Each structure stands twice: as C-alpha cells, then as structure tokens.
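Novice: Structure provided below as structure tokens; questions to follow.
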Amino acid sequence: MWGGRFSASPAEIMEEINASIGFDKRLAPQDIRASKAHAAMLADAGIIDAADAKAIIKGLDDVAAEIEGGKLQFSRALEDVHMNVESRLKEVIGTPAGRLHTARSRNDQVATDFKLYIRDRLDALDEALAVLQFAFVRKAEAHAGTIMPGFTHLQPAQPVTFGHHLLAYVEMLGRDRGRLADARARLNECPLGSAALAGTSFPIDRQATAKALGFDKPTDNSLDGVSDRDFVLETLAAASICAVHLSRFAEEVVLWSTPQFGFIKLSDKFTTGSSIMPQKRNPDAAELTRAKVGRIAGAFQSLLIVMKGLPLAYSKDMQEDKEVAFDALDSLGLAVAATAGMVDDMQPQADTMLAAAGSGYSTATDLADWLVRVLKMPFRDAHHVTGRIVAAAEAEKLPLDKLSLAAMQAVEPRISADVFSVLSPENSVASRVSHGGTAPQNVAKMAAAWRKRLEKTSPRG
C-alpha cells in the first residue's frame, strides 16, 4: 500500500497491531456516504471531471451493495475500511477511483466517518430511549394509585405510589436524551476538507460537503477538525450516565423480584433457571443490564486516557477510539431494549407492596406533620414527640395506626382521634399533593403530561 516510500512489507506483528479493518468495517456505510459527497463537491468545484465523479459515485454505490450483501472480502493488508473501499472502487471503475482522494486525507476522512456514525447511533438511541419512556409511562398510568414503600438507605421511609416511582425513571431518561441531544448538536460540524491537518490548496467547497452530509457547518480549524474526539468522549459520558440509570432500575428489579420483597413478578421471557436448582427463577436480564455500565463507563475512561497526552494533530493512538465506542453503544442499545421489555413484562404485586408500605412506621412523618398542622407545634418538637410515640408502638409491637389513642396521649395529651386519619399508607399517599408529590392524582396528571409530550416528539412509542 505504501510502495512509493517503503520497499518492504510490514512485520507480521506490525500488521497485527496496525490493522483496524476487523472493527472499523462497520463504518463502511458512512465512509461511502462521505466519499460520494466529496466526489460530487470535487466535480462541482471543477477539481475533477464530472464524468469521473459520476463513475466514482456509481462505483461507490456498487461497492456499498457488495458490502451490504456480504460479498466484499475485506483485506487486512489494506489496514482499514477507507483503503478497502477505495481499493475495491478501483477494481470496479479503474483509473477514476484514484481521483477520489484529491483534497482529503484519511485523517479528515475518518473523523467525518466517525462523526456520521456517532450521529446515526445517537439518533437510534434517542428513539430507543423514547420507547423506554413510553413503557414506564404506560405502567405508571396503570399503577398511579398502587401503593408501595418508599425507601431511603433501603429502609422504609414513606409510602409512595408505584406509578410515582416509575415516573422518576422517565425524568432520568428525559435528561439522558437531553445530554445525548446536546452531544449530537455539538458534534454536528464537518471535518471533511481539513485534510491531514493544514487544510488543502485545492479550491474545495466545504460548505457544500457539510450540507450534503447533514452537518450544520464545516469545522473552523483544520487541526481541531482532525484531532478532536470530544464528540466520542461526550457521547460516552452521556451514555455512562444513562447506563447508571438503567443499572439502578435493574437493581430494583432484582430486589423487587426476590421472595423477600415480592413486589413484582417477571415472566419466563425475562428470567432464566438454574442448572441444579429447579425452583429458581433468576432475573438475568436485569442483572446483565446492571453489569453493562461497567463496559460503558470503562469505554469512556479508556478513551479519556488515550486522549489525555496526545499532541495535535492526529496520532495513531486515536485508532483506539472506535472499538470502545462501538462496544459501549452496542451495550447501551441492548440494555435499553432489555429494560423496555422488562418494564412491559413485570407484574406488580399490589397487595404485597401495600402491606410493606405500612411497615417500619413509614407514616411517622405524617404524624409529625399532623402535630404541626393541628396542634401548631414547632416541627422539631413534633419530630421529638413522634419519635417517642414510635418507640411506644415499637415496644408494644404495633404499627402506628394500631397504637391506642391513650398511648399517644400519654406522650402528648392534646392528640385527638383525628390523628388516625393520617396514619394509614393510603391517607399518607393521598395527602402528598405538592407539585412533584406522590398523590395518585399527581401521578395520573404527570403521566398524562409525559404521554402527551412523548407522543408529540416521539410518535413511534
């Protein structure tokens, strides 16, 4: 490939470490798309003949068809997808193929191809996340009034509704989509025409290629154009945060599906069995989703370390950007789809959740609030009184709503029978009507708002 300068072939180990075709061949659609735009621009600018450009574009379509049909055999000796496509193009159309690489370098070529690829994946991820949000919203609508325990420190805290809990993930995913959209907006500048690092002396029209490829504009600095991998780092950072959200939900699915919790059931579709224990039903889809964050966050860290010490402009170190990004985005896409499946599949066990919602004196805060609201007691005093009443109930091994009025009045004589109106999980949940609160009417209203918003922006759900 480098016969003009080199007189010998690379060592076998050099070929092994240098070749990237084994993984970057997935950039072939983007490479061909960018090459077609480049060829058209070269002809429009009078840099190559229109006939040559026409032959190049037709030949690239033929090569694309071969790749799509699995007929093209990629060569490791040609190192990467760019040289493989160009070599095959020459076999197909002959001499005009040699004009395609005018006024560009593999440096701006790969940066352009990779931006196109990341942009395509961001669009696909946004659609998948919208589908997942719809799944959560549907389940939240169905369970706006289903009561479950809310936790802090994984200890019973206050009753909430299952729908409210699920809508928390809709909010998280909304932020994830926002971060991914921000990354997409920032990457949408076209490096093509930056050439190796200094631009080119040919009278190219970078605005034309940028527009043809759907970019907002060309990059303004040729050095930055070929050496920037911020767009990958930012995408992987946003992907890592999203993966953490999926992992948190997966952890809850694992907990909720245990006999000790018993809050949900998953069908055979999203569980597996044991090779030795016939009774087992393991939530493996959730566990594998939970594990994906390690690969995704690891990809971000890997590329961050690769880039941290590189001088401008391009160094071959940057070849390490693709495998980690491919793997991370594949993993995230799989985890998003698996999570959507689990959300649709899971069956909440309402009676079990309601029984658990009243445990651990979870309505103690409602008692303290009643003391403040009805007896005009300072909250810190109410907190202290409530703590003593909880201790009394615990001593008698009774829930708060079963403790006698006399026992409460022994702590605070002004307490009346009206206090029992706030001590059940149902009344506790119904009272949380502040904006963003867990009251069923709030949950139904917020779920409807999210459905309307998603249907407007992501009708596929």
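Novice: Among the numbered criteria (1) without any contact (Cβ under 8 Å) to a residue 40 or more places away in the chain; (2) surrounded by 19 or more Cβ atoms within 10 Å (Cβ to Cβ); (3) on the phi > 0 side of the Ramachandran plot, which single criterion is violated by residue 193?
Specialist: If we test residue 193 against (1) without any contact (Cβ under 8 Å) to a residue 40 or more places away in the chain; (2) surrounded by 19 or more Cβ atoms within 10 Å (Cβ to Cβ); (3) on the phi > 0 side of the Ramachandran plot, just (1) comes out false.
Novice: Mind counting the residues in segment 280-320 that are assigned to a helix (DSSP H, G or I), farther than 20 Å from residue 244 by Cβ and touching a residue at least 24 places away in the same chain (Cβ under 8 Å)?
Specialist: The qualifying residues number 4.
Novice: I would also like to ask the following. Residue under question is residue 322, and the condition is that it be more than 30 Å from residue 283 (Cα to Cα) and more than 40 Å from the chain's Cα centre (by Cα); does it hold?
Specialist: no
Novice: In segment 58-68, which residues are over 30 Å from residue 14 (Cα atoms) and either crowded, with 19+ Cβ neighbours inside 10 Å or hydroxyl-bearing (Ser, Thr, Tyr) (or both)?
Specialist: Answer for segment 58-68, where residues must be over 30 Å from residue 14 (Cα atoms) and either crowded, with 19+ Cβ neighbours inside 10 Å or hydroxyl-bearing (Ser, Thr, Tyr) (or both): just 59.
Novice: Could you say whether any residue in segment 439-453 is touching a Pro at 6+ places or on another chain (Cβ under 9 Å) and either open to solvent by less than 50 Å² (accessible area, probe 1.4 Å) or of a type outside the set (A, V, I, L, M, F, W, C) (or both)?
Specialist: no
Novice: Now for a separate question. Which ones in segment 10-61 are assigned to a helix (DSSP H, G or I) and at pLDDT below 90?
Specialist: Scanning segment 10-61 gives 12, 13, 14, 15, 16, 17, 18, 21, 22, 23, 24.
Novice: How about segment 284-327: which of its residues are among the charged types (D, E, K, R), over 30 Å from residue 256 (Cβ atoms) and open to solvent by 40 Å² or more (accessible area, probe 1.4 Å)?
Specialist: Answer for segment 284-327, where residues must be among the charged types (D, E, K, R), over 30 Å from residue 256 (Cβ atoms) and open to solvent by 40 Å² or more (accessible area, probe 1.4 Å): 308, 316, 317, 320, 323.
Novice: Among 267, 274, which is the only one that is of a type outside the set (A, V, I, L, M, F, W, C), closer than 21 Å to residue 143 by Cα and either surrounded by fewer than 19 Cβ atoms within 10 Å (Cβ to Cβ) or without any contact (Cβ under 8 Å) to a residue 12 or more places away in the chain (or both)?
Specialist: 267
Novice: Right, something else. Report, by residue number, each residue of segment 321-349 that is among the polar types (S, T, N, Q) and in a helix (DSSP H, G or I).
Specialist: 331, 339
Novice: A further question follows. Looking only at segment 108-155, which residues are open to solvent by less than 30 Å² (accessible area, probe 1.4 Å) and within 30 Å of residue 52 (Cβ to Cβ)?
Specialist: Passing the criteria: 108, 109, 110, 111, 112, 113, 114, 115, 116, 117, 119.
Novice: Based on this model, can you work out whether residue 398 counts as open to solvent by less than 60 Å² (accessible area, probe 1.4 Å), in contact with a Cys (Cβ under 8 Å, 6 or more places away or on another chain) and not small (Gly, Ala, Ser)?
Specialist: So residue 398 does not fit the description; no.
Novice: Could you check, for segment 332-347, whether at least one of its residues is at pLDDT below 95, open to solvent by 50 Å² or more (accessible area, probe 1.4 Å) and farther than 30 Å from residue 21 by Cβ?
Specialist: The answer is no, given that none of the residues of segment 332-347 is at pLDDT below 95, open to solvent by 50 Å² or more (accessible area, probe 1.4 Å) and farther than 30 Å from residue 21 by Cβ.
Novice: Related question: Can you find a residue in segment 375-382 that is in contact with a Ser or Thr (Cβ under 8 Å, 6 or more places away or on another chain), touching a residue at least 40 places away in the same chain (Cβ under 8 Å), outside any strand (DSSP E or B) and not basic (Lys, Arg)?
Specialist: No, every residue in segment 375-382 fails to be in contact with a Ser or Thr (Cβ under 8 Å, 6 or more places away or on another chain), touching a residue at least 40 places away in the same chain (Cβ under 8 Å), outside any strand (DSSP E or B) and not basic (Lys, Arg).
Novice: Still on this model: Tell me which residues, restricted to segment 69-87, are open to solvent by 60 Å² or more (accessible area, probe 1.4 Å) and either part of a helix (DSSP H, G or I) or polar (S, T, N, Q) (or both).
Specialist: 73, 76, 77
Novice: Please state which of the following conditions residue 366 fails to meet, knowing it meets all the rest: (1) of a type in the set (D, E, K, R); (2) surrounded by 15 or more Cβ atoms within 10 Å (Cβ to Cβ); (3) assigned by the TED database to the domain that holds residue 265.
Specialist: Every condition holds for residue 366 apart from (3).
Novice: Tell me, which residue of segment 196-221 that is farther than 21 Å from residue 33 by Cα and within 32 Å of the chain's Cα centre (by Cα) is surrounded by the fewest Cβ atoms within 10 Å (Cβ to Cβ)?
Specialist: So the residue we want is 220.
The values are calculated or read from the model by the stated rules, or taken from the named source; none is laboratory data. Keep in mind that this is a model prediction, so the values were computed, not measured. Because the Cβ atoms are built from the backbone with ideal geometry, glycine has one as well, and the counts that use them run over all protein chains shown. These area figures cover heavy atoms from the full protein model, side chains too; ligands, DNA and RNA do not enter into them. Shrake-Rupley method; radii C 1.70, N 1.55, O 1.52, S 1.80 Å.
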